[in-house]
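Read the structure below first, then the notes.
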C-alpha cells in the first residue's frame, strides 16, 4: 500500500479476506497446541498459503486499476511482474 490514506479506498473484500486469513492462522495455532495430526495441520497451512496468494493477486489487481500516474504503466507492469514472481 502506498500510504495509509489509501486504506479508506481499499475494497472491503480485500480487508475481509485478510481477516479470514488471520482467523485461519489462529486456527492453525490452536491445532498445533492441541497436537492435531500433522496431515491436518499441513493441509490447513496449504489452505492459508493459497488464500494469501489469492489475496495478493486481488490486491495487485486493485493496485493496477488505481495507479496514480498512468504514464508509469510499463514500469508498474514490470514491478508487478516482479512481485508475482516473488509469490511463486
### Message
Just want to confirm a number: the relative contact order over region 11-87, from Cα pairs under 8 angstrom separated by 6+ residues, in percent.
### Response
34
### Radius of gyration, Dmax [region 11-87; alpha carbons; angstrom]
16.4, 54
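Each reported figure results from applying straightforward, stated rules to the coordinates on display, with no laboratory input. The structure presented is a predicted model; accordingly, all values stated were derived computationally and were not measured.
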